[in-house]
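Inspection log for the structure reproduced underneath, given as C-alpha cells.
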Amino acid sequence: MSSAAAPDQSPRPVRFGILGCAAIARKLARAMLLAPGVAVAAVGSRSEEKARLFAADNGLDVATTCLHGTYEALLDDPDVEVVYLPLPTSLHVRWATAAAARGKHVLLEKPTALCAADLDAILAACDAAGVQFMDSTMWMHHPRTAKMRELVDDKDTIGDIKVINSVFSFRANEDFLQNDIRVKPDLDALGTLGDIGWYCIRAILWAVDYELPKTVIALRDPVKNQAGVLLDCGATLYWVDGKTATFNCSFLTNLTMDITLVGTNGTLHVTDFVIPYGEKSAEFHVASKSNFAKLHIGWDPLPSKHVVTTDLPQEALMVQELARLVRNIQDAGGRPEGKWPAITRKTQVVLDAVKASIDKGSEPVEVAS
C-alpha cells in the first residue's frame with residue numbers, strides 16, 4: 001500500500017514567529033490560527049511572561065508554542081521560518097535585517113520604515129538572504145481587491161483614470177493622542193501619515209497600476225501634536241499625463257475609509273477599503289457610462305453594486321499567501337516573489353515625498369523614480 005500523499009492533501013504548515021506583542025499582533029495571531037497551511041511556532045517579547053500572557057490571551061497552544069523572553073531568542077529559534085514584526089517603525093531596520101540575516105522570511109507591519117533609505121537596507125538584507133519580504137497591507141489580499149482590479153483594467157467600464165480621492169481617518173480618544181506609540185516621535189515619527197496615510201497612498205498607486213506620480217504637494221496647515229508628530233495631513237499627487245489624486249489621513253475625524261476612482265467611462269466607489277464592514281463579504285459600487293435621465297430628474301443607468309464573499313478574513317488570506325510563497329522557496333527551490341517588495345518601495349517613496357513637502361511648507365516635491 002503506497003504511503004504517498006494524496007494530491008489534495010493539505011500543504012505542510014509554514015511556521016511563523018511573532019516578534020513583539022503589540023495590539024495589532026493579536027489580529028495576526030488570530031489570522032495564523034484561521035489560515036490553512038500556517039502555524040504559530042513561537043512568540044517573542046521582552047519577557048517570557050509577557051509572551052506567555054499573549055499566547056494564552058490569543059488562543060495559542062502554550063504547550064506547543066515556544067515562548068521567548070528576548071527578540072534575539074525568537075530569531076535564533078530553528079523552528080521559525082517566517083518572522084512577523086509588529087514593532088514600532090523606529091525598530092524595523094534593526095530587527096527586520098536581523099531576521100533576514102538568520103534566513104527568516106519577513107512579514108513587516110506598515111509603515112515599513114521611516115524613509116526609503118531605511119527600507120532599502122531591509123530589502124537588501126532580504127535579497128541577500130534569498131528570503132521573501134511582504135508588508136502587512138491586508139486589504140491587498142481580499143478577493144474584492146482582485147475583482148476591483150478586473151473592472152479598473154476594463155477600459156470599456158472605467159476607461160482612463162483621471163481623478164482619485166482617498167480618505168482614511170478615525171477619531172482617536174485622548175489616551176491615544178497622549179500615549180499611543182503612533183504619536184511618539186522616537187517610536188513612530190510619521191504619525192498619521194505613516195499609520196493610515198500609508199493605506200491611502202497604496203490605494204492610489206494600486207489604482208494606477210503602481211505608476212509613480214511626478215510631483216506631490218502636501219495640503220496646507222497639517223495638524224501636529226506638541227512633539228511635532230502628524231495628527232492630520234494630506235497631499236495631492238500629479239502625474240505627467242494629467243492624472244491627479246488627493247488624500248487625507250487623520251486621527252481627529254470620524255472613522256472613514258473611502259477610495260473613489262473617476263475614469264473617462266466610469267467611477268468606482270469603496271467606502272470600507274481598508275477594513276470591510278464585515279469579514280464574510282465586501283462590496284463596491286461602479287457607475288459606468290452614466291448620464292442624466294430625461295428631464296434631469298435622476299441617473300441612467302444607475303450604479304451597479306458588486307458583492308464579493310470570502311471564507312477567510314483578509315489578514316488570514318495574507319498569511320496564507322505568504323506561506324505559499326515560502327513553501328515555493330523552501331520546498332520547491334523557487335525564488336522570492338519580487339512584486340511585494342517593489343510595491344512596498346513605491347509606497348514608501350511617495351510617502352517620503354509627501355513628508356518632504358510637509359516639512360517644506362507644502363512646496364512641490366519631485367518623486368524619486
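The values are calculated or read from the model by the stated rules, or taken from the named source; none is laboratory data. In this text the structure is predicted, and so the values were computed from the model without any measurement. In this analysis, Cβ positions are derived from the backbone assuming ideal geometry, glycine residues included, and neighbour counts consider all displayed protein chains. Please note that ligands, DNA and RNA were not included when accessible areas were found on the heavy atoms of the full protein model with its side chains. Shrake-Rupley method; radii C 1.70, N 1.55, O 1.52, S 1.80 Å.
A Stokes-Einstein calculation at 25 °C with viscosity 0.890 mPa s, built on the Kirkwood radius of the chain over Cα pairs, returns a diffusion coefficient of 113 µm²/s.
From helices alone, the chain scores -9500 deg cm²/dmol at 222 nm; the rule is -39500 (n - 2.57) for each run of n ≥ 4 DSSP H residues, then divide by the residue total.
When its C-alpha radius of gyration is set against 2.2 N^0.38 Å (N residues), region 198-319 gives a value of 1.28.
Stretching V308 away from N225 to a fully extended chain increases their span by 25.9 nm, per 0.36 nm per residue minus the current alpha-carbon distance. Computed with a 1.4 Å probe on the full set of protein chains, the accessible area for H141 sits at about 30 Å². Between the residues A101, L67, S90, the greatest Cα displacement towards the positive end of the dipole of region 37-101, with unit charges on the Cβ of Lys, Arg, Asp and Glu, is found for S90. The slack between T215 and E363, meaning 0.36 nm per residue of separation minus the straight C-alpha distance, is 52.3 nm.
In the elastic network of the chain, a GNM with C-alpha springs shorter than 10 Å, the most mobile of L34, L190, L295 is L295.
Per residue, the average separation of C-alpha pairs within less than 8 Å and at least 6 apart gives region 242-360 a relative contact order of 14 percent. Full extension of the chain segment joining N179 with D331 gains 50.3 nm, where the gain is 0.36 nm per residue of separation less the Cα-Cα distance. With a Cα cut-off of under 21 Å and a minimum spacing of 8 residues unless on different chains, the lysine pairs in region 196-325 number 4. Straight Cα distances below 25 angstrom link K104 to the lysines K27, K50, K339, K346, with same-chain residues fewer than 8 positions distant left out. Specify which residue in the list N225, L295, I358 is farthest towards the positive end of the charge dipole of region 220-369, using unit charges on the beta carbon of Lys, Arg (+1) and Asp, Glu (-1), about the Cα centre. Towards the positive end, the residue furthest out is L295. Think of the chain as a dipole: +1 on every Lys or Arg Cβ, -1 on every Asp or Glu Cβ, centred on the Cα centre; then among I24, F133, T236, T236 lies furthest on the positive end.
What's the FRET efficiency of T64 with A101 using the Cβ-Cβ distance as r and R₀ = 30 Å, to the nearest 0.05? Once rounded, the FRET efficiency stands at 0.65. How big is the C-alpha Rg of region 41-96 next to the rule-of-thumb value 2.2 N^0.38 Å, as a ratio? Relative to the 2.2 N^0.38 Å estimate, region 41-96 comes out at 1.09.
Computed over every Cα-Cα pair of region 171-237 and binned at 5 Å starting from 0, the pair-distance distribution P(r) comes out as 4, 16, 24, 22, 15, 11, 7, 2 percent. Here the chain is assigned +1 on the Cβ of each Lys and Arg and -1 on the Cβ of each Asp and Glu. Its dipole about the Cα centre then comes out at about 360 debye.
With the simple spin-label model, which puts each label point 7 Å out from Cα in the Cβ direction, the K289 to A128 separation comes to 5.7 nm. With viscosity 1.306 mPa s and temperature 10 °C, the Kirkwood radius over alpha carbon pairs of region 14-136 converts through Stokes-Einstein to a diffusion coefficient of 113 µm²/s.
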